[in-house]
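Trainee: My structure is below; once you've seen it, I'll send some questions.
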2 protein chains.
Amino acid sequence: MTHPAENDKLTTAAQPPEAPKHKQAITSVDVVLLTLVDRRLYTVVVDRDRPPFEGMPTLPGGYVHTETDPDSRAAARRTLEKKTGIKAPYLEQLYTFSGPDRDPRGWSFSVAYYALVNKDTVALRMNAGARLVPVDEVGELGFDHNEILDFALKRLQDKSSYSALPCYLLPKEFTLTELQETYELVMKERLEKSSFRRKLEDMGFLEVLEGQFRTGKHRPAQLYRIRPDKSLTLFDRTV
Amino acid sequence: MTHPAENDKLTTAAQPPEAPKHKQAITSVDVVLLTLVDRRLYTVVVDRDRPPFEGMPTLPGGYVHTETDPDSRAAARRTLEKKTGIKAPYLEQLYTFSGPDRDPRGWSFSVAYYALVNKDTVALRMNAGARLVPVDEVGELGFDHNEILDFALKRLQDKSSYSALPCYLLPKEFTLTELQETYELVMKERLEKSSFRRKLEDMGFLEVLEGQFRTGKHRPAQLYRIRPDKSLTLFDRTV
DNA sequence: GTAATAGTGTCTCTCAGACAGTATGTC
DNA sequence: GACATACTGTCTGAGAGACACTATTAC
């Protein structure tokens, strides 16, 4: 919290009285937006138009607006919407990165969030400078944003094994094969078709879209969607 | 991160040039220290000796020292050592809490950590004002520290089901029954003796202390310790 | 001997993985 | 018909829970 320790003769710069003993840290939020296009994971990067790291791609991020943001999650949501137009993604706090060297302007905090959306959501209106890049082709990002991206990918990989998070990466309607491919991509692991389907059936968060099929040069595949009432975030079983 | 957004005309207060557009947030760290005494979970609280929340117990915490701390984890470690004398606990980032109201002095961030130690470690030298309290008797804490404490207990509960975190709460040498009781306490769930032992055996992070036993009015119990080379943080199986 | 706790053996049921087999579309 | 992909059924082995049984101490 935000209380001086007993032997810690310092105050905050935020409210008047005394001068702070310790230089204040910079505080900001960053967002790793992940989505799936053509069986590949993409993230959004923004080309910086000013120093530091001018001209380099970075994750979308920015300062907290202490006048208006109710918390850091709201700041992340606002930042993401400004860059990409996306309003209500799945958004979860990832980790807080900190230190004197990650931003050349000084000792800084970044509260990182990750967001999962489907490609229909992301296609709408991207701000100039923002663009989708496959996660395995992002190259060097400004600040410590490669580390943050890797952290998000690892978190998604781990959490997918006991949650339905990958569903957020798909459009509202999808086939079981598409869902399985998404899990395999995210978890970097092959899954067995029949047990995958059994488990999904048992968990019961999918709803058959009666009479709706994905067609092709083969047998049509049943379309499903998430049951609107179900939470996708925690299972007692492994997927 | 720590970069102005394109349309975000603002700078940081940390390094000179321009004036910040947004008031800076207060930044601090807080630590939930957990330990086990007589089959009960305890945490450390510190009575505040100044406003806000003067006289109320709070979690140990304080400002980041941007001149010396290499990151927020180091700040948490330093803070904890100052209050309790504990030097090298298991220490993991928990969550970052933020908002305009959690600290009456202004919009604030707190990067919360939780630490797990055994009672022998904690008994050494507690600072004046710091004391151990059973987690179910802490009462009202200053700031939003009850929420942070609950968050830590929940995290420990969740993570214990697939890790050996509860081992950090016990002394170096312990019996299997003691370990099982610790798991049950933390997970709030009864465990089956024989399968618990089977699983520990299979995971192989315990080492028999040959010829060493805990005695009492009954059959002596074999003492174990953690195999020094083993990581306790991630298992592929459930405990 | 009894009480108390430590530790083991065995049965059963569930479930995940393997894999083969069937179904239904396009061409 | 061949092919491609969707979907289902069955076998097997691993492991978790239940629970009874044995072991070793103090008294």
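Trainee: To the nearest 20 debye, what charge dipole does the protein assembly as shown have about its Cα centre, counting +1 at the Cβ of each Lys and Arg and -1 at the Cβ of each Asp and Glu?
Mentor: So the dipole magnitude of the protein assembly as shown works out to roughly 840 debye.
Trainee: Give me a single rounded figure for A:88-98: the average over its residues of other chain Cβ atoms within 10 Å of their Cβ.
Mentor: For this peptide, the per-residue mean of nearby foreign Cβ atoms is 4.
Trainee: Per 5 Å bin from zero, what fraction in whole % of the C-alpha pairs of segment B:22-164 is there, up to the bin with the longest pair?
Mentor: Over segment B:22-164, the share of Cα pairs per 5 Å bin runs 2, 10, 20, 24, 22, 13, 6, 2, 0, 0 percent.
Trainee: Are any of the pairs A:LYS199/A:LYS230; A:LYS172/A:LYS230; A:LYS83/A:LYS230 more than 21 Å apart by Cα-Cα distance, and if so, which?
Mentor: Listed pairs above 21 Å: A:LYS83/A:LYS230.
Trainee: Something else now. When a footprinting reagent is the concern and you count Cβ atoms within 10 Å, what order do B:ASP69, A:ASP236, B:ASP47 take, fewest first?
Mentor: Ordered from fewest to most neighbouring Cβ atoms within 10 Å, B:ASP69, A:ASP236, B:ASP47 come out as A:ASP236, B:ASP47, B:ASP69.
Trainee: Give me the angle, in degrees from 0 to 90, between the Cα long axis of helix A:72-84 and the longest principal axis of the Cα atoms of chain A, rounded to the nearest 10.
Mentor: The two axes meet at around 70 degrees.
Trainee: Excluding residues fewer than 8 places away in the same chain, name every one of the aspartates and glutamates whose C-alpha is closer than 13 Å to that of A:LYS23.
Mentor: Of all the aspartates and glutamates, those that pass the test against A:LYS23 - Cα under 13 Å, at least 8 places apart if same chain - are B:GLU67, B:ASP69.
Trainee: Between segment A:24-95 and segment A:143-157, how far is it from one alpha carbon centroid to the other, in angstrom?
Mentor: 13
Trainee: Can you give the angle from 0 to 90° between the axis of helix B:193-203 and the longest principal axis of chain B, with both taken from C-alpha atoms, to the nearest 10?
Mentor: It works out to around 70 degrees.
Trainee: Follow-up question, since we're still on this one. Given Cβ point charges of +1 (Lys, Arg) and -1 (Asp, Glu) and nothing else, what value in debye, to the nearest 20, does the dipole of segment B:114-239 about its Cα centre take?
Mentor: For segment B:114-239, the charge dipole is close to 480 debye.
Trainee: So for chain A, taking the charge dipole from beta-carbon charges (+1 Lys/Arg, -1 Asp/Glu), which of A:VAL31, A:PRO51, A:SER161 sits furthest toward the positive end?
Mentor: A:SER161
Trainee: Is it possible to state the helix-based mean residue ellipticity at 222 nm for the protein assembly as shown, with each DSSP H run of 4+ residues giving -39500 (n - 2.57), the sum divided by total residues, to the nearest 500 deg cm²/dmol? What is it?
Mentor: When only DSSP H runs of four or more count, the value is -7000 deg cm²/dmol.
Trainee: Further, regarding this structure: Can you sort B:ARG77, A:ARG78, A:ARG39 by how many other beta carbons sit within 10 Å, fewest first?
Mentor: A:ARG39, A:ARG78, B:ARG77
Trainee: Same structure again: With +1 on each Lys and Arg Cβ and -1 on each Asp and Glu Cβ, how big is the dipole of segment B:136-178 about its Cα centre, in debye rounded to the nearest 20?
Mentor: Dipole size: approximately 340 debye.
Trainee: Cut-off 16 Å, label point 7 angstrom out along Cα-to-Cβ of B:LYS172: give me the residues of segment B:79-99 whose amide nitrogen falls inside.
Mentor: Of the residues in segment B:79-99, B:87-90 have backbone N under 16 Å from the label point off B:LYS172.
Trainee: Could you list B:TYR162, B:TYR42 in order of exposure, starting from the residue whose Cβ has the fewest other Cβ atoms within 10 Å?
Mentor: Ranking B:TYR162, B:TYR42 by Cβ neighbours within 10 Å, fewest first, gives B:TYR162, B:TYR42.
Trainee: Further question on the same structure: What do you get for the angle between helix A:176-187 and the principal long axis of chain A? Use alpha-carbon atoms, 0 to 90 degrees, nearest ten.
Mentor: Roughly 40 degrees between the two axes.
Trainee: Can you list the lysines whose alpha carbon is less than 19 Å from that of A:LYS154, not counting same-chain residues fewer than 8 positions off?
Mentor: Filter leaves A:LYS188, B:LYS159.
Trainee: For A:TYR95, enumerate residues with amide H under 5 Å from its amide H, sequence gap 5+ or separate chain, H modeled in the peptide plane.
Mentor: Amide H neighbours of A:TYR95: A:ALA112.
Trainee: Measuring from a point 7 Å out along Cα→Cβ, what nm distances, shortest first, does B:ARG131 have to its partners in the other copies?
Mentor: So the distances to the same position in the other copies read 6.3 nm.
Trainee: A further question follows. Of the candidates A:MET187, A:MET203, A:MET126, which one comes out as most mobile in a Gaussian network treatment of chain A with C-alpha springs shorter than 10 Å?
Mentor: A:MET203
Trainee: Every other copy gets compared here: list the nm distances from the B:GLU173 label point (7 Å along Cα to Cβ) to its counterparts, shortest first, one decimal.
Mentor: 6.8
Trainee: Can you give the mean number of other chain Cβ atoms that lie within 10 Å of the Cβ atoms in peptide A:42-48?
Mentor: 1
Trainee: Using a 10 Å cut-off around each Cβ of peptide A:135-146, what is the average number of partner chain Cβ atoms that fall inside?
Mentor: Mean partner-chain Cβ count within 10 Å for A:135-146: 1.
Trainee: Within segment B:149-175, name every residue whose backbone N is under 15 Å away from a label modeled 7 Å from Cα of B:GLU184 along the Cβ vector.
Mentor: Answer for segment B:149-175: B:175.
Trainee: Where is the GNM fluctuation largest for chain B (alpha-carbon springs, 10 angstrom cutoff): B:ASN146, B:ASN118, B:ASN127?
Mentor: Greatest mean-square fluctuation among the candidates belongs to B:ASN127.
Trainee: Calculate how large, on average over all directions, the projected area of the Cα convex hull of the protein assembly as shown is; give the answer in nm² to one decimal.
Mentor: 26.0
Trainee: Let me ask something additional. Given a Förster radius of 30 Å and the C-beta distance between B:ARG197 and A:ARG227 as r, what FRET efficiency does 1/(1 + (r/R0)^6) yield to the nearest 0.05?
Mentor: About 0.15, to the nearest 0.05.
Trainee: Quick one: among A:SER160, A:SER72, A:SER108, which has the greatest mean-square fluctuation in a GNM of chain A with alpha-carbon springs under 10 angstrom?
Mentor: Of the options given, A:SER108 has the highest mean-square fluctuation.
Trainee: Can you work out D for chain A in µm² s⁻¹ from Stokes-Einstein, where Rh is the Kirkwood radius over C-alpha pairs, the temperature is 37 °C and the viscosity is 0.692 mPa s?
Mentor: After rounding, the answer is 165 µm²/s.
Taken together, the values in this text are just the output of simple stated rules run on the coordinates, not laboratory data. Predicted model, so just to flag it, every value in this text is computed and none were measured. Virtual Cβ from ideal backbone geometry, glycine too; neighbours counted across all protein chains shown.
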